[in-house]
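The structure under discussion appears below in the form of structure tokens.
The values are calculated or read from the model by the stated rules, or taken from the named source; none is laboratory data. Bear in mind the structure is a predicted one, so any value in this text is a computation, not a measurement. Cβ placement follows ideal geometry from the backbone for every residue including glycine, while neighbour counts extend to all protein chains displayed.
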Amino acid sequence: MSVLREMFENLLSRPITILYPKEKVPIPAAFRGRVAIIDEKCIGCSKCSLVCPAQAITMIEGQREVEFRGKNLARKKRPQIKLFKCIRCGLCERHCPTEAIYLSNELSGSGTDPEVIMV
Amino acid sequence: MTDPVFGLIYIFIFPGFLFLFAYALVLAFLDRKIAARMQQRVGPPFFQPFADFIKMLGKEVIDPAGVDSGIFDVAPLVALAAVMTAYLYVPIVGNSPLAFQGDLVVVLYLMSLPTLVLFLLGWLSRNIFSAIGGIRSVTQLFIYEVPFFLALLTPALMAGTWSISEIVVWQQKNMWFVFLQPISFIIALIGLQAKLERTPFDIPEAETEIVAGPWTELTGRRLAIMDLTIDVSLVVGSALVAALFLGGPMIPWAVTPAWLEGVIGFFLFLAKTLAVLLVLSSIEVATGRIRIDQLNDIGWKYLAGASIVQVGIVLVMNYLWVYA
Amino acid sequence: MPEVVVSIGPHHPALKEPVNFKVVVDGEKIVRLELDLSYNHRGIEKAAEQRDFIRVLPLMERVCGICSHSHSTAFAKGIEELMQIEIPQRAQYIRTIIAELERMHSHLLWLGVAAHVIGFNTLFMWTWRDREAVQDTVEEMSGNRVHYAMNEVGGVRRDLTAAQVTTALERLPNLEERIKKYVDMVNTEETMLIRFRGVGKISREEALRYGTVGPTARASGIDYDIRRDDPYLAYADVPWNVVTDTNGDVYGRTRVRIWEVQESLKIVRYCLENLPEGPIHVPAPKNAPKGEILSRYEAPRGELVHFIRTNGTDKVERVDIRTPTLANWTSVAMCLVNQNLADIPVIVAAIDPCLSCTSRITLLDIHTKKTGVMSLDELIRRNRSRDHGQV
């Protein structure tokens, strides 16, 4: 009667429930969380916007001097993200040539308005 | 039963309805906590059944179209009243002051009323799931009642009396019936699990098949009262099994002063009902639900047969040793 | 009692998915069954025609939550075959590891659900506790517990570091022991035997005739598994066995699935220990040449088929997805007749239905209140005819 034995062993030991939010689990390094942009690295190539399956990234005005492969560029545009449309697939991170856009380890959060600009 | 004040305190406060209410919630909590810990979960906090009861009382009562809402209001109260009355005849602290010859039969009858109420509610709910649930509830009642009653009658046969309190006194003088009639004890526990409609016998309420059976259309305070009825049935059932088989609130030797004997007896009562609850919870956690036709097989082939065999053994023992 | 129609679904605690069974019962025995699918048709096949090959893979992944890697791999594999590119060995192995981990978590989830359906909540809690080990492994490797986003056309997107491989291998022995306990429990636990044995029995001939696939078919003795008979990914290199059983009822299907978890664990261990070095993807062309391909994959529920037609552009012209659950529904409808009402959830749960995969297209005739299906050519013809498809 393996079920009975295990039942009584469990009765005498601690439960394995993790009492979130008092106890937390470590988040692995590869976790795909909220999307974030490092503005100094972005060269405004629009690749993220073209690749995003949910069409959550639009390019807006964003002049800045950026250094890219040793040369100075005058970037014209920068990305703007509708956070609640993002499906966290990571294609933007995959195709960005300068690693300017990436998925951080924070939780992405949720809301009711998919058009709201967050990043 | 001379002093009316004493009578009122006994019925309403201790060990009457107030204590019953509190103890029913405590046993409900312990049942859920033990089941949770066996499954390696945390389980509810201590006040959870009480909080559920209060919350349910305040919820909206929904009347389905075309249903007689008067009966839906009254029937759960009838069920609760029946089991609370049955409680008064079971010895908690010493003998029950309301005891009389035949109160065992009255208690068994009153404990069957909640099942009939569920059948009535299922039939009147005007939906197919509740009707099927109500029919299953009564079918289950037919199947387990015969072995259950026979199992609870064998202590009365051997003690020679129809009063629960006198059966307890007989056990104090001789031996606990759990040693003399072990088959009856096992059948009584199984029958109690079926009466309370807990897994493996929660066929009428089978959540994954027929939504909630006869409980489907109970909402708000009706559901609170019906839930409380089942919790009180748990107390009455375990107290009955503890009284009939485990010697009730009596200790095997006399202790003076008399009030100390009462206090020790009360704590023994608590310990014995908790032991019965542990067994019932373990059965609930270790098994899954069976089908009604499989229950039919098991009930009539094994349970009824075993109980008849036990009655035969008791009659032989009576003839040879007890009343020789 | 006269015949009564019990309508199980589309909202019912027994079903995790929206489907409508109109069951005609006589007492507790079932006389007839009418089935209504397609409550959550989302138009994925049409949406796939408007996205290029980079953007369409996350869409394909989201056809289903539990078998998400199956859909994305089947599609990516099909496109790679049309483009005639070979993906590197390391990518094949990584895809295999994720695929088998997905199979393990899907079967463990199924075992818990099957136990819950018969009211045996203890086993439900225990299997889902052990499934967490698989989910933690997948989260470390891919970043998410479902929707792994590992595939791209030309290989995989993420590599496995040595630390990830070691952690994954360390979790496996404990999981293996727990699964052995479940194999024991399935074969000896009285409650499960009494509810599963003899219920929903399909013989081998019936299974072939109704077109059942996956563990449902293998439980009836049909020895067919696409991983062995039409090999893809790394399955040809790994030593593993196809699991069959001859019982044909729910008990047989339970045994097949829990043994398959053991086989998957062996495959994962072999692949993790023998992961070849090398790149993880090759560059893929933007457009796919004109062609048609049938890409088959053994999803946890059975044979998944993607039919892809391309026409030289960077989008597909047509993709048609035939999920295993769609193939198994007929067997459910046939074997439910003459069973008990109490067995409906058990038999339905035994084919492991995943309705988010299944809903493709349905016809609703408003006047006669009947439902049906229609072929693509007839649909196009109706839309182009003069009355624009009005009935």
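Does residue C:342 qualify as being in contact with a Lys or Arg (Cβ under 6 Å, 6 or more places away or on another chain) and at pLDDT below 90? The answer is yes for residue C:342.
Specify the residue that is surrounded by the fewest Cβ atoms within 10 Å (Cβ to Cβ); the eligible residues are those in the stretch B:157-176 that are in a helix (DSSP H, G or I) and among the polar types (S, T, N, Q). Only one residue fits best here, namely B:172. In summary, residue C:15 fulfils each of the numbered conditions (1) of a type in the set (A, V, I, L, M); (2) more than 22 Å from the chain's Cα centre (by Cα); (3) facing chain B (nearest Cβ under 10 Å) with the single exception of condition (2).
Just to be sure, is residue A:42 within 14 Å of another protein chain (Cβ to nearest Cβ) and within 15 Å of residue A:100 (Cβ to Cβ)? So residue A:42 does not fit the description; no.
Filter the stretch B:274-324 down to the residues that are closer than 25 Å to residue C:120 by Cβ, small (Gly, Ala, Ser) and without any contact (Cβ under 8 Å) to a residue 40 or more places away in the chain and list them by number. Across the stretch B:274-324, the qualifying residues are B:275, B:286. The set of residues from the stretch B:183-215 being over 18 Å from residue B:297 (Cα atoms), within 11 Å of chain C (Cβ to nearest Cβ) and of a type in the set (Ser, Thr, Tyr) comprises just one member, B:208. Quick check: is even one residue across the stretch B:308-318 out of contact with any helix residue (DSSP H, G or I) (no Cβ under 9 Å at 6 or more places or on another chain), in a helix (DSSP H, G or I), within 14 Å of chain C (Cβ to nearest Cβ) and surrounded by fewer than 16 Cβ atoms within 10 Å (Cβ to Cβ)? For the stretch B:308-318, residues out of contact with any helix residue (DSSP H, G or I) (no Cβ under 9 Å at 6 or more places or on another chain), in a helix (DSSP H, G or I), within 14 Å of chain C (Cβ to nearest Cβ) and surrounded by fewer than 16 Cβ atoms within 10 Å (Cβ to Cβ): absent.
If I filter the stretch A:83-119 down to residues being out of contact with any Lys or Arg (no Cβ under 7 Å at 6 or more places or on another chain), under 20 Å from residue C:62 (Cα atoms) and among the charged types (D, E, K, R), which single residue comes out as surrounded by the fewest Cβ atoms within 10 Å (Cβ to Cβ)? The residue in question is A:85. Within the stretch C:80-97, the set of residues being crowded, with 23+ Cβ neighbours inside 10 Å and among the hydrophobic types (A, V, I, L, M, F, W, C) comprises C:87, C:91, C:94, C:97. For residue B:52, the test of being modelled with pLDDT of 85 or more and part of a loop (DSSP other than H, G, I, E, B) is failed.
Set side by side, the residues C:217, C:207 differ, and just one is touching a strand residue (DSSP E or B) at 6+ places or on another chain (Cβ under 8 Å) and in contact (Cβ under 8 Å) with a residue 40 or more places away in the chain, which is C:217.
Each residue in the stretch C:21-53 was checked for being in contact with a Leu (Cβ under 8 Å, 6 or more places away or on another chain) and of a type in the set (Gly, Ala, Ser), and 2 of them qualify. Going by the conditions given, is residue C:239 modelled with pLDDT of 90 or more and under 28 Å from residue C:342 (Cα atoms)? The answer is no for residue C:239. Exactly one residue among B:70, B:66 is exposed (fewer than 15 other Cβ atoms within 10 Å of the Cβ) and either of a type in the set (Ser, Thr, Tyr) or in a helix (DSSP H, G or I) (or both), and that residue is B:70. Condition check for residue B:296 on (1) in contact with a helix residue (DSSP H, G or I) (Cβ under 7 Å, 6 or more places away or on another chain); (2) in a loop (DSSP other than H, G, I, E, B); (3) over 21 Å from residue B:161 (Cα atoms): one failure, at (2). Among the residues of the stretch B:200-221, is any more than 28 Å from residue B:62 (Cβ to Cβ) and either modelled with pLDDT of 85 or more or outside any loop (DSSP other than H, G, I, E, B) (or both)? Checking the stretch B:200-221: at least one residue is more than 28 Å from residue B:62 (Cβ to Cβ) and either modelled with pLDDT of 85 or more or outside any loop (DSSP other than H, G, I, E, B) (or both). Screening the stretch A:1-26 for residues that are in a loop (DSSP other than H, G, I, E, B) and more than 9 Å from every other protein chain (Cβ to nearest Cβ) and picking the one that is surrounded by the most Cβ atoms within 10 Å (Cβ to Cβ) gives A:18. Between A:93, A:67, A:61, which is within 14 Å of chain C (Cβ to nearest Cβ) and outside any loop (DSSP other than H, G, I, E, B)? Being within 14 Å of chain C (Cβ to nearest Cβ) and outside any loop (DSSP other than H, G, I, E, B) holds for just one of A:93, A:67, A:61, which is A:93. In the set C:57, C:111, C:101, C:82, which member is within 14 Å of chain B (Cβ to nearest Cβ) and in contact (Cβ under 8 Å) with a residue 24 or more places away in the chain? None of the others qualify; the one that does is C:111. Taking helices (runs of 4 or more DSSP H) as the structural unit, those lying wholly within the stretch C:138-234 and holding at least 2 residues that are within 14 Å of chain A (Cβ to nearest Cβ), more than 21 Å from the chain's Cα centre (by Cα) and over 16 Å from residue C:244 (Cβ atoms) correspond to C:162-188, C:190-196. For the stretch C:127-152, the candidate set comprises residues that are out of contact with any Phe, Trp or Tyr (no Cβ under 8 Å at 6 or more places or on another chain), among the hydrophobic types (A, V, I, L, M, F, W, C) and within 25 Å of residue B:41 (Cα to Cα); within that set, the residue that is surrounded by the most Cβ atoms within 10 Å (Cβ to Cβ) is C:134.
Look at (1) within 14 Å of chain C (Cβ to nearest Cβ); (2) polar (S, T, N, Q); (3) surrounded by fewer than 19 Cβ atoms within 10 Å (Cβ to Cβ) and you find that residue B:95 fails only one, number (1).
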